[in-house]
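Asks: Let me give you the structure first, and then I'll get to my questions.
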Amino acid sequence: MGPMRLPDHDHETVPGYPPAQRRLLLDIARRSVERAVRLGAPLAVDVEALPEPLRAVRASFVTLTREGRLRGCIGTLEGHRPLAQDVAGNAFDTALNDPRFNPVTGVELDLVRIELSILSPMEPLEVTSERQLLAGIRPFVDGLVIDDGIRRATFLPKVWESLPEPQAFVRALKRKAGMPDEYWPAQMRTYRYHSETFSEAE
């Protein structure tokens, strides 16, 4: 029996956010980072005053960079609150609580650049081996989640820019999760999603 064919679910892609809504989300993220650094408190978002797409339940990631280098990245994989609140909460956590970095300082506020990724719903992939997964994922399109019931990790679609070869992408994701390269237990679950990514101007 050959590799299973993975269906396309283009109807589940992330809706495009027009420039005005992108600016609103980036402004919320920026104000949340500033409030986190200066006051140590999250930003309260008046969701009802925002356009409907920003009130919809969505998952997001907030990435901070400084001089082109990663300075923090935290997000949610599954939507559980309005998008604007998710962005504000993830911006707060990225500024203060990414365990890989020290908290952002006041002197860095003008130096960090904010990038947002808004995720589509996750789609389970019915694969039973790494070979089937490699045959079905779409480079530069799919974000990927792997989960063995104990460990879980994800790569956003933008990671394809630095890992364009599918096997290298999957193996690096396994290592991120603390899994061996050749590891594929019977309980392994995989999911893909898409994202719309945009950032502050340089």
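Asks: Roughly how many debye, to the nearest 20, is the charge dipole of the chain about its Cα centre, given +1 on each Lys and Arg Cβ, -1 on each Asp and Glu Cβ, and no other charges?
Replies: That gives a dipole near 400 debye.
Asks: In segment 68-123, which GluC sites (Glu not before Pro) are in a loop and have at most 16 other Cβ atoms within 10 Å, using DSSP for the loop call? Before the final figure, lay out the partial values.
Replies: Values: sites: Glu78, Glu108, Glu115; in loops: Glu78.
Loop-located and lightly packed - Glu78.
Asks: Please name which of Thr154, Leu77, Met188 has its Cα lying farthest along the dipole of segment 72-202 towards the positive end, using unit charges on Cβ (Lys, Arg +1; Asp, Glu -1) and the Cα centre as origin.
Replies: Met188
Asks: Say R0 is 41 Å: what FRET efficiency, to the nearest 0.05, do Arg189 and Glu67 get from their beta-carbon distance?
Replies: Working: r = 37 Å, r/R0 = 0.91.
Rounded to the nearest 0.05, the efficiency is 0.65.
Asks: When the Karplus curve 6.51 cos²θ - 1.76 cosθ + 1.60 is applied with θ = phi - 60°, which whole-Hz ³J(HN,Hα) does each residue of segment 138-153 get, with x for Gly and Pro?
Replies: Coupling constants for segment 138-153: 10, x, 6, 10, 8, x, 9, 10, 10, 8, 9, x, 10, 10, 9, 8 Hz.
Asks: Right, another one. Determine the dipole magnitude for segment 70-117: charges of +1 sit on the beta-carbon of Lys and Arg, -1 on that of Asp and Glu, nothing else is charged, the reference point is the Cα centre, and the result goes in debye to the nearest 20. Before the final figure, lay out the partial values.
Replies: Details: 4 positive and 7 negative charges, 9 e Å.
So the dipole magnitude of segment 70-117 works out to roughly 40 debye.
Asks: Taking the convex hull of the Cα atoms, report for the chain its projected area averaged over all directions, in nm². Walk me through the numbers before you get to the answer.
Replies: On the way: hull surface 47.8 nm².
If I average the Cα hull's projected area over directions, I get 11.9 nm².
Every number in this text was worked out from the coordinates using simple rules, so none of it is lab data. Predicted model, so just to flag it, every value in this text is computed and none were measured. When we count neighbours, we look across all protein chains shown, and the Cβ atoms used for this are built from the backbone with ideal geometry, even at glycine.
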